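The values are calculated or read from the model by the stated rules, or taken from the named source; none is laboratory data. Predicted, not measured: the structure shown is a model, and the values here were computed from it. Positions of Cβ are generated from backbone atoms using ideal geometry, with glycine treated the same way; all protein chains shown enter the neighbour counts. Areas reflect the complete protein model, heavy atoms only, side chains present, ligands, DNA and RNA absent. Shrake-Rupley method; radii C 1.70, N 1.55, O 1.52, S 1.80 Å.
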Amino acid sequence: MLQAKRSCERDSLTQKLRRYSVDHVKITKEDTDRAKRLVDSYIKNEILQFISSNSDPLVISKHEYTGSLHERLKTEAADEVDVMVVLQTAKDEVIQQDCGVPGFVLLKAKPDSPLKKYSNVDGIIIPEKLRASWFYGLVQKAVNELTAKSPTLPVELEIRAHGPAVQLDITDKDSGKKLSADLVPSFQLGPTEYFVAKAYTGKTLAACDPKLLWRQSFSLKEKARLQEMDKEDQGCRHELLRIVKTMIRAEPTFAKLTSYHLKTVFLHYNSNPKLSWGTDMLGERFIEYLEKLYAAVDSKVLDHFWVTGVNLLDNIPSKTLENMADRLRRILDSEKERDKVLKCQRKL
């Protein structure tokens with residue numbers, strides 16, 4: 001009897017989650033196709049092609065598309081894309097140096113490397129100098145070239161500095177819809193080791209200037225894992241994570257939780273090979289995933305999936321984490337609270 005009741009509750013929750021997904025989460029095929037057209041027409045075939053051909057004195061080896069759109073985890077609108085612009089370096093042209101912070105390194109250029117121009121007196125490559133003195137101007141030239149060549153473009157192109165990236169905004173003149181692309185200069189030092197100029201904001205004191213640090217990127221490893229999941233068993237992993245991302249984003253209590261936090265919890269959770277991910281298991285997996293998220297914020301510890309010794313919750317105030325834990329506990333313990341969160345009001 002108890003098992004039948006639980007099965008009924010699980011099926012009911014699965015139906016509510018599916019309705020929520022349709023009403024609030026899913027991106028239309030039209031929206032996705034529009035984003036792909038913009039990426040192909042302006043980013044891939046114009047901007048990236050230009051900067052690869054005009055990057056002197058540096059050489060660009062390849063471009064890697066990353067982020068939620070390419071992991072099939074984007075929600076609500078297909079309006080963002082991330083691109084790692086990977087610089088080509090000769091063997092031992094760039095050397096990693098430890099800085100005492102897990103997941104971060106210094107990158108030192110050899111004396112005869114053109115990268116010395118963007119380094120300090122010790123040869124340490126300065127992330128901001130590389131972006132501001134070389135990469136930003138290169139992307140600006142690409143935009144200028146494109147608009148001069150085609151003055152009647154159906155889109156407006158605008159660039160701006162965005163942390164370690166150069167952000168390119170492509171706005172359709174008719175609809176006003178915008179696609180933002182973050183172009184991030186990166187280094188590949190080894191078969192699977194990539195480094196990007198993401199700023200260090202942790203609590204661990206580095207043995208060097210934090211402004212000189214380069215962060216190891218696992219975006220390609222994550223994309224490889226995430227974009228292919230569900231293909232073999234036709235499971236509900238993508239649907240679950242998209243629902244949770246949308247739900248969390250809608251509540252101010254969780255404002256400090258990022259998509260990367262949620263993705264990391266999921267990577268840990270999905271490492272259990274015994275889990276069944278059939279489409280009828282969505283309700284059960286949803287509850288279990290929220291329990292994992294609750295355990296992390298309640299303990300104030302979320303271990304980085306790839307780097308030992310890194311707690312991704314370190315920068316969130318203790319009281320904020322306690323409020324998150326309280327809210328998650330209420331959602332988990334009360335069907336009424338879950339129904340509030342998953343209110344099935346349709347988009348207008």
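Quick grid of which residues meet (1) more than 30 Å from residue 102 (Cα to Cα); (2) without any contact (Cβ under 8 Å) to a residue 40 or more places away in the chain:
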site: 278; (1), (2): yes, no
site: 283; (1), (2): yes, no
site: 311; (1), (2): no, yes
site: 330; (1), (2): yes, yes
Output yes when any residue across the stretch 104-112 is small (Gly, Ala, Ser) and either under 20 Å from residue 66 (Cβ atoms) or modelled with pLDDT under 90 (or both), and no when none is.
no
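From the list 76, 64, which residue is at pLDDT 90 or above and either within 30 Å of residue 244 (Cβ to Cβ) or touching a Cys at 6+ places or on another chain (Cβ under 6 Å) (or both)? Show your work before the answer.
Values: 76 fails: at pLDDT 90 or above.
When all the criteria are applied, what remains is 64.
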Which one of these is in contact with an Asp or Glu (Cβ under 7 Å, 6 or more places away or on another chain) and more than 21 Å from residue 184 (Cβ to Cβ): 253, 246, 308?
246
Determine which member of the set 298, 280 is over 20 Å from the mean Cα position of the chain (by Cα), exposed (fewer than 14 other Cβ atoms within 10 Å of the Cβ) and in a helix (DSSP H, G or I).
280
In the stretch 181-200, the residues that are open to solvent by less than 40 Å² (accessible area, probe 1.4 Å) and modelled with pLDDT of 90 or more:
181, 182, 183, 184, 185, 186, 187, 189, 194, 195, 196
Candidate set: the stretch 301-321, residues that are exposed (fewer than 14 other Cβ atoms within 10 Å of the Cβ) and at pLDDT 95 or above; chosen: the one farthest from residue 194 (Cα to Cα)
319
Could you tell me whether residue 275 is surrounded by 14 or more Cβ atoms within 10 Å (Cβ to Cβ) and either modelled with pLDDT of 95 or more or touching a His at 6+ places or on another chain (Cβ under 9 Å) (or both)?
no
Given the conditions (1) in contact with a Cys (Cβ under 9 Å, 6 or more places away or on another chain); (2) open to solvent by 30 Å² or more (accessible area, probe 1.4 Å), which single one is not true for residue 270?
(1)
Is there a residue being β-branched (Val, Ile, Thr), surrounded by fewer than 19 Cβ atoms within 10 Å (Cβ to Cβ) and in contact (Cβ under 8 Å) with a residue 12 or more places away in the chain anywhere in the stretch 202-220?
yes
Filtered residues of the stretch 99-123 (kept if over 16 Å from residue 199 (Cβ atoms) and in contact (Cβ under 8 Å) with a residue 60 or more places away in the chain)
100, 117, 120
Residue count, the stretch 68-98, condition within 13 Å of the chain's Cα centre (by Cα) and among the basic types (Lys, Arg), comes to 2
Sort out for me the helices (runs of 4 or more DSSP H) sitting completely within the stretch 1-58 that have 3 or more residues that are open to solvent by 90 Å² or more (accessible area, probe 1.4 Å) and at pLDDT below 90.
2-20, 29-38
Residue 101 is checked against (1) modelled with pLDDT of 95 or more; (2) open to solvent by less than 50 Å² (accessible area, probe 1.4 Å); (3) over 21 Å from the mean Cα position of the chain (by Cα) and fails just one. What number does that condition carry?
(1)
Please state which one of 158, 128 is in contact (Cβ under 8 Å) with a residue 60 or more places away in the chain, more than 19 Å from the chain's Cα centre (by Cα) and surrounded by fewer than 19 Cβ atoms within 10 Å (Cβ to Cβ).
128
